[in-house]
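Engineer: Quick one: the structure is below, questions incoming.
FYI, it's all coordinate maths here, none of it is from the lab. Predicted, not measured: the structure shown is a model, and the values here were computed from it. Cβ sites come from the backbone with ideal geometry, for glycine too, and all protein chains shown count toward neighbours.
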Amino acid sequence: MSIFVDENTRVVVQGITGRDGSFHTRQMMAYGTRVVAGVTPGKGGRDFAGPEGRSVPVFDTVADAVAKTGADASVVYVPPAFAASAIMEAADADVSFIVCVTEGIPVLDMTRAHALARDRGSRVLGPNCPGIICPGKTTLGIIPGRMVTPGPVGLISRSGTLTYEAVHHLTRDGLGQTTCVGIGGDPLIGTSFVDCLSAFADDHETEAVVMIGEIGGTAEQEAAEWVSANLSIPVVGFIAGRTAPPGKRMGHAGAIISGSAGTAAEKTRAFEDNGIRVARRPAEISVLVAEALGR
Amino acid sequence: MNLHEYQAKELFRAAGMAVNPGDVADNAEGVREIAERYGGGVVVKAQVHSGGRGKAGGVKLASGPDEAAAHAEAILGMEISGLTVEKVLVCPTEEIATEAYVGVLVDREGQCPVFMVSAEGGVDIEEVAATNPDAIHKLRVDPRYGLMPHQAYRLATRLYADPALARQGAKIISQLYDAFVGNGASMAEINPLISTTGGEVKAIDAKVSIDDNELFRRPSIGALRDSGSEDGADAQAREAGLSFVKLDGNVGCCVNGAGLAMATMDLVKYYGGDPANFLDIGGSSNPDKVVAALEIITSDPAVEVILFNIFGGITRCDDVARGIVEATERIDIEVPIVIRLTGTNENLARQILADAGFTAGTSMDEVVQEAVRLAG
């Protein structure tokens with residue numbers, strides 16, 4: 001099984017005619033994602049040319065796309081100035097799962113977008129995230145399909161390329177994945193570690209979980225407590241930013257240590273205190289997963 | 001982006017807030033003139049992006065113009081947390097009866113603005129939070145409705161028992177929220193918010209951080225950036241669209257992706273080395289970005305080796321390889337370069353590098369160890 005999305009998920013791409021949107025739509029379609037519609041205001045009525053001669057109808061609004069195609073998930077590839085509004089448009093059209101890849105959205109815009117999504121019961125993944133991939137089934141976002149393979153490991157991460165690094169080792173060591181979720185590097189994200197852990201707990205095919213955290217905030221600490229109270233399968237952790245100085249933003253808007261909270265040491269301790277083994281190097285993640293699964 | 005106190009006070013005044021008067025100068029003579037204009041006692045305050053200015057000796061009371069000029073002489077050019085003081089703010093002294101704290105920032109957990117107020121102001125609020133957390137009152141604000149008048153009043157009653165003071169406090173709290181939202185801030189605080197012996201409530205300090213992601217639509221705020229207080233490499237990185245943080249080590253790091261960049265620094269440390277920087281070249285790496293990254297890294301004389309760690313996903317390894325080759329043709333690089341790349345178009349990248357006399361590894365662990373060894 002997979003979490004949040006599967007091969008039946010019907011996807012509308014917001015910003016389908018843009019540079020990133022068009023490239024990644026073709027990648028997603030080539031992987032097998034059911035992309036049923038695209039939205040670009042002012043370009044409704046056209047067809048988007050996908051791979052292998054397939055095409056996707058383009059609409060002016062998400063509501064039109066949903067009404068005509070039954071899309072139930074969206075991927076947002078629109079620029080930061082309009083991305084929060086794109087998320088709100090999708091939530092307003094009752095899209096239940098919204099992936100936002102865009103980086104650089106003003107945080108006050110996101111306070112309103114998250115509030116609307118919560119009211120409408122829509123789940124937002126991200127923003128500033130690589131998306132979600134269920135190996136062999138579907139992918140929403142930008143995670144390259146060729147580095148994953150089906151198997152028993154669930155993966156949750158705040159980072160994109162660090163996810164690739166971890167998945168690369170897992171796949172090479174014969175440890176496939178049920179679902180890999182990039183939850184995003186922004187301070188305000190719609191789907192937390194705990195949301196993903198709770199979905200993995202209900203998925204009988206997931207036998208172990210990898211959590212890749214980083215400095216900033218307290219999401220890892222909350223996740224660690226949740227794991228200890230609720231999860232029976234093994235969890236392996238990694239925390240990036242042990243050498244990060246306090247008060248400096250390390251690339252991700254959310255990766256900043258303020259005061260004593262949010263340090264890598266504190267997060268590592270929270271993991272270990274709650275029975276989560278922490279890899280010291282990215283390459284060690286798959287070693288610890290193999291041990292946890294008795295392989 | 002952090003604002004100076006005098007800039008933050010301007011934003012507060014524009015929101016209609018009662019703020020104590022003040023004027024800035026960058027030399028002692030200017031400070032003397034300002035003090036003469038105000039008459040009486042003044043306070044001379046270092047304008048520098050650092051907390052603890054008072055403890056560092058950057059805030060001094062003066063009884064008149066001569067003393068103010070003497071303090072300015074001492075404070076201007078002083079270093080506070082490694083930053084040189086270029087300007088001072090001069091304000092008339094106030095007859096202070098009480099000092100409170102009022103701040104608003106974005107709450108990650110609640111995903112909304114949150115107010116924090118305390119009747120114990122004028123001190124480090126993190127210290128109050130640690131020693132006497134009950135003294136801090138919090139209120140989450142629904143961003144769709146904004147701060148409602150009754151909420152502002154309730155917060156003010158936590159600060160003032162006297163209804164006349166509470167009414168003034170509520171007004172200032174509302175104005176602070178307006179300034180926070182209206183300028184795209186991620187944090188705005190008044191510490192202290194004073195009541196005077198004459199029964200007036202006003203802000204005598206101000207601290208504002210602007211969300212960097214807001215700057216594209218707020219050019220007038222962006223213009224407030226104090227480029228003098230910014231390191232040359234920081235400015236160059238910002239202009240090139242690179243995320244860069246200078247560190248103290250000698251292994252220059254150039255990585256794609258923030259998480260992998262942090263993990264690379266950590267691995268350098270793990271193998272006994274010291275990273276010279278955090279640098280994320282971002283997702284789509286055109287050769288120009290790689291060139292800019294190399295210029296920034298090599299401008300640090302401490303750097304003994306340059307380490308590339310590229311995991312090609314969206315980033316194409318061949319783009320980065322071309323950038324490395326182009327950069328080494330354009331600028332003189334006297335330190336060794338070690339390269340790890342894997343992922344999208346890896347073989348093509350390896351060919352490009354081989355033609356230019358570089359070799360690239362595939363294992364992050366091996367390449368980091370090699371870099372640490374070369375750094376000595």
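Engineer: Pairs of alpha-carbon atoms within less than 8 angstrom and 6+ residues apart define the contacts here; what relative contact order does region A:10-125 have, in percent?
Structural biologist: 23 percent.
Engineer: Assuming a viscosity of 0.890 mPa s and a temperature of 25 °C, what translational diffusion coefficient in µm² per second does Stokes-Einstein assign to region A:68-168, Rh being the Kirkwood radius over Cα pairs?
Structural biologist: Value of D from the Cα-based Kirkwood radius: 172 µm²/s.
Engineer: Report the equivalent ellipsoid semi-axes for the protein assembly as shown in whole Å, largest first, defined as the square roots of five times the eigenvalues of the gyration tensor built from alpha carbon atoms.
Structural biologist: Each semi-axis is √(5λ); the values are 45, 31, 24 Å.
Engineer: Same structure again: Once Lys and Arg get +1 and Asp and Glu get -1 on their Cβ, which of B:Ile339, A:Leu188, A:Val66 lies farthest toward the positive end of the dipole of the protein assembly as shown?
Structural biologist: A:Val66
Engineer: Continuing with the same structure: Let me check against my output: what whole-number percent is the relative contact order of chain B, with C-alpha pairs under 8 Å and at least 6 apart?
Structural biologist: Rounded, it is 12 percent for chain B.
Engineer: Another question about this same structure. Quick check of the Kirkwood formula: for chain B, what is the inverse mean of 1/r over all pairs of different Cα atoms, in Å?
Structural biologist: After inverting the mean inverse Cα-Cα distance, the result is 23.6 Å.
Engineer: For B:Asp23, B:Asp355, what ranking results if the residue with the fewest other Cβ atoms within 10 Å of its Cβ goes first?
Structural biologist: Listed from fewest to most nearby Cβ atoms, that is B:Asp355, B:Asp23.
Engineer: Is there a quick way to get the dipole size of region A:1-138? I mean about its Cα centre, with the Cβ of Lys and Arg at +1 and of Asp and Glu at -1; what is the value in debye to the nearest 20?
Structural biologist: Dipole about the Cα centre, nearest 20: 180 debye.
Engineer: Please give the Cα centre distance for region A:212-273 versus region A:190-207, rounded to the nearest Å.
Structural biologist: Each part's Cα centre sits 18 Å from the other's.
Engineer: Quick one: work out the % antiparallel among DSSP beta bridges in chain A, nearest 5.
Structural biologist: So the antiparallel bridges in chain A amount to around 25 percent.
Engineer: Continuing with this model, one more query. Equivalent-ellipsoid semi-axes (√(5λ), Cα gyration tensor) for region A:148-292, whole Å, largest first?
Structural biologist: In descending order the semi-axes read 23, 16, 14 Å.
Engineer: Now for a different question. Helix-only estimate, please: 222 nm mean residue ellipticity of chain B, summing -39500 (n - 2.57) across DSSP H runs of length 4 or more and dividing by its residues, to the nearest 500.
Structural biologist: -11500 deg cm²/dmol
Engineer: Still on this structure: What's the magnitude of the charge dipole for chain B around its Cα centre, counting Lys and Arg as +1 and Asp and Glu as -1 at the beta-carbon? Answer in Debye, nearest 20.
Structural biologist: My answer is approximately 1260 debye.
Engineer: Restricting to DSSP H runs of at least four residues, report the calculated mean residue ellipticity at 222 nm for chain A, -39500 (n - 2.57) per run over all residues, nearest 500 deg cm²/dmol.
Structural biologist: Computed mean residue ellipticity for chain A: -10500 deg cm²/dmol.
Engineer: Please report, in whole Å, how far the alpha carbons of region B:21-92 spread along each principal axis, starting with the longest.
Structural biologist: Extents along the principal axes, in whole Å: 33, 19, 18.
Engineer: Taking a ≥ b ≥ c as the square roots of the Cα gyration tensor eigenvalues, with a/c under 1.5 meaning rounded and otherwise prolate when a/b beats b/c, else oblate, which class fits region B:237-376?
Structural biologist: rounded
Engineer: Springs between alpha-carbon atoms under 10 Å, Gaussian network over chain A: tell me which of A:Gly182, A:Gly42, A:Gly70 tops the mean-square fluctuations.
Structural biologist: So, out of A:Gly182, A:Gly42, A:Gly70, the one fluctuating most is A:Gly42.
Engineer: Also: Can you compute 3J(HN,Hα) from phi for each residue in region B:315-327, using the Karplus curve 6.51 cos²θ - 1.76 cosθ + 1.60 with θ = phi - 60°, rounded to whole Hz and x for Gly and Pro?
Structural biologist: Taking θ as phi minus 60°, the curve returns 5, 9, 4, 5, 4, 5, 4, 4, x, 5, 5, 5, 5 Hz for region B:315-327.
Engineer: Using a Förster distance of 35 Å, how high is the FRET efficiency between B:Ala129 and B:Ile96, based on the Cβ-Cβ distance and rounded to 0.05?
Structural biologist: 0.95
Engineer: Can you compute the charge dipole magnitude of the protein assembly as shown about its Cα centre, using +1 on each Lys and Arg Cβ and -1 on each Asp and Glu Cβ, nothing else charged? Give it in debye, rounded to the nearest 20.
Structural biologist: 1440
Engineer: P(r) of region B:96-222 in 10 Å steps, Cα pairs, percent per bin?
Structural biologist: 13, 45, 33, 9, 0
Engineer: For region A:1-103, what percent of Cα pairs sit more than 18 Å apart?
Structural biologist: So the pairs more than 18 Å apart make up 39 percent of the total in region A:1-103.
Engineer: Mind jotting down the distance between the C-alpha centroids of region B:1-80 and region A:43-76, whole Å?
Structural biologist: A separation of 58 Å, based on Cα centres.
Engineer: Could you work out the local net charge near A:Ala30, counting Lys and Arg as +1, Asp and Glu as -1, over the other residues with Cβ closer than 15 Å to its Cβ?
Structural biologist: Combined, the nearby Lys, Arg, Asp and Glu give +3.
Engineer: So, one more: When A:Ser232, A:Ser157 are ordered from fewest to most other Cβ atoms inside 10 Å of their Cβ, what list results?
Structural biologist: Arranged by neighbour count, lowest to highest, A:Ser232, A:Ser157 become A:Ser232, A:Ser157.
Engineer: Please give the average number of partner chain Cβ atoms lying within 10 Å of the Cβ of each residue in B:213-220, rounded to a whole number.
Structural biologist: Per residue, the number of nearby Cβ atoms from other chains is 4 on average.
Engineer: For chain A, calculate the relative contact order in percent as a whole number, restricting contacts to Cα pairs under 8 Å that are 6 or more residues apart.
Structural biologist: Relative contact order, chain A: 14 percent.
Engineer: Still on this structure, please answer the following. Just the C-alpha atoms of chain A: what Rg/Rh do they give, with Rh taken as the Kirkwood radius?
Structural biologist: 0.97
Engineer: With respect to the cross-link table entries A:Lys248/B:Lys171; B:Lys246/B:Lys269; A:Lys248/B:Lys289, which display a Cα-Cα separation exceeding 25 Å?
Structural biologist: Pairs exceeding 25 Å: A:Lys248/B:Lys171.
Engineer: Cross-link candidates for A:Lys43: which lysines have Cα within less than 29 Å, leaving aside residues fewer than 8 places away along the same chain?
Structural biologist: A:Lys68
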